[in-house]
1. Can you put A:Tyr230, A:Tyr186 in order of Cβ neighbours within 10 angstrom, beginning with the fewest?
2. Rank these for me by crowding, A:Ser112, B:Ser121, going from fewest to most other beta carbons within 10 Å.
3. Filter the cross-link list A:Lys51/A:Lys172; B:Lys55/B:Lys96; A:Lys172/B:Lys50 down to pairs whose alpha-carbon distance in this structure exceeds 24 Å.
4. Along each principal axis of its Cα atoms, how long is segment A:78-235 end to end? Whole angstroms, biggest number first, please.
5. With all pairs of different alpha carbon atoms counted, what Kirkwood hydrodynamic radius in Å does segment A:127-178 show?
6. How would you rank B:Leu64, A:Leu64, going from fewest to most other Cβ atoms within 10 Å of each one's own Cβ?
7. Provide, for q = 0.11, 0.15, 0.19, 0.21 Å⁻¹, the log10 of I(q)/I(0) from a solvent-free Debye sum over equal Cα point scatterers in segment B:44-144.
Amino acid sequence: MKRAVPGDGGTRPRSDIFSFLGSRRAHEDEASLASAATSDEPVLPTKALHKFLSSLGSRPAPVLLDLGPVVGSNLTFFGEQLGCKVFIEDLFRDVDHHLQHGRLDALSSFFSTRFPQADGSVDGILCWDLFDYLEPGAAQTLARQLMRLLSVEGVLLAFFSTVASQDARYTKFIIADEMNLRQRPYSAGRAKQHVLLNRDIIKLFGALRVSESFLLKTNIREILFRKPTYLGEKS
Amino acid sequence: MWKRDEAVRPPSGRETTTPMPATPAVPSTPSGSIPPVARVTERDIVNIGKSVVIKGELNGSEDLTIEGHVEGKIELRENILTIGPNGKIKAQVFAKAVIVLGEVIGNVSATEKVDIRDNGSVEGDIVSPRVAIAEGAMFRGSVDMQRAVKPAQPKPVLPGESKVEAKSPVAAVSPASAGSPVQGPRV
């Protein structure tokens, strides 16, 4: 007599229960392995990333500048979404290097020559939360460089924390999807975190227009800046 | 009860708990000849050993694994290039797919995929439709992922349409549509 196994639509004979369990366990193992790497990583919602992508989606072959550490899955994401060219310039590593050598004061001059890219050659810039860890002088120099690199109607996405974190390490942002990011610890040493006021942020990127601004429950302010057309007309 | 268990066993009699071999097993054939798939695998992979240093241009039509040092230019347009953990490349690389476990300084161009594995390192610009970079890998440069032109999805043939119209791939990859961005999900 054959008995049905629950969850199998009543068609599987009971004698086949071992193969049923075997395949299910194998499936569960795969799933648990996949989730193990990500289960302990906090997930943060994001509203500005979607806007950032939308702004670049209309361009045939956008050029991105990622100031964070290289994340393979992020590259894949941007490749699939935008089919773009991505420059990886890990400034977190640079800050760490200067921090280790006690030369944070030299960061400003370092940033002024850091980017070999031509003026207006980049359509999108991902700053993540880098500006939280820069001294005002270095932040101003970097902002000036980024404004130089950005093309007309190009967009810059930056995160600013509204509260200082006690964590001694950076966290890198992994794109889960357009609306969610995961945070993963990053080995680079972290400089002192500054909490920038809204007006300071706007002043920092004076030549850019605030396109979108979101204050999230996670104490992160996401701001999407856009380079206005009239700046391109001037040059 | 036990008889029922016997009946569950696969007809070949192979134990289900037998571990799978690390390499694909080659089934024995009556004549003893190697099946074509295995023959291809054995024939088409070439190694450049740890102690080998090459300066100049390297061309080929076989899959290649480099464990030594190469300076100059590597071209394997139709094949897979693997830079082994001991491999050190200071060259421009062109291949169908490039797998990096060692060190590469120079631009890498692949028609299919570039895969930088754990502890692999690339310093240069990558041009490839697909790029995978592992967590422990090092990369410095730019990544250019040209949008691959997807083959047209076969439309369901409506009663009024002819089959020729539905299958035509030309319209799907017309110059106007080929370069246009794929519209991702929008909120």
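1. Numbers: A:Tyr230 9, A:Tyr186 19.
Result, fewest neighbours first: A:Tyr230, A:Tyr186.
2. A:Ser112, B:Ser121
3. Values: A:Lys51/A:Lys172 20 Å; B:Lys55/B:Lys96 22 Å; A:Lys172/B:Lys50 36 Å.
Going by Cα-Cα distance, A:Lys172/B:Lys50 fall outside the 24 Å limit.
4. Principal-axis extents of segment A:78-235 (Cα, largest first): 43, 36, 32 Å.
5. On the way: mean 1/r = 0.0773 Å⁻¹.
After inverting the mean inverse Cα-Cα distance, the result is 12.9 Å.
6. Numbers: B:Leu64 21, A:Leu64 24.
With the fewest neighbours first, B:Leu64, A:Leu64 line up as B:Leu64, A:Leu64.
7. -0.25, -0.48, -0.79, -0.99
Computed from the coordinates by the stated procedures, all read-outs in this text should not be read as laboratory data. Remember, predicted model here, so these are calculated numbers, not experimental data. Note: ideal-geometry Cβ built from the backbone for every residue, glycine included; neighbour counts use all protein chains shown.
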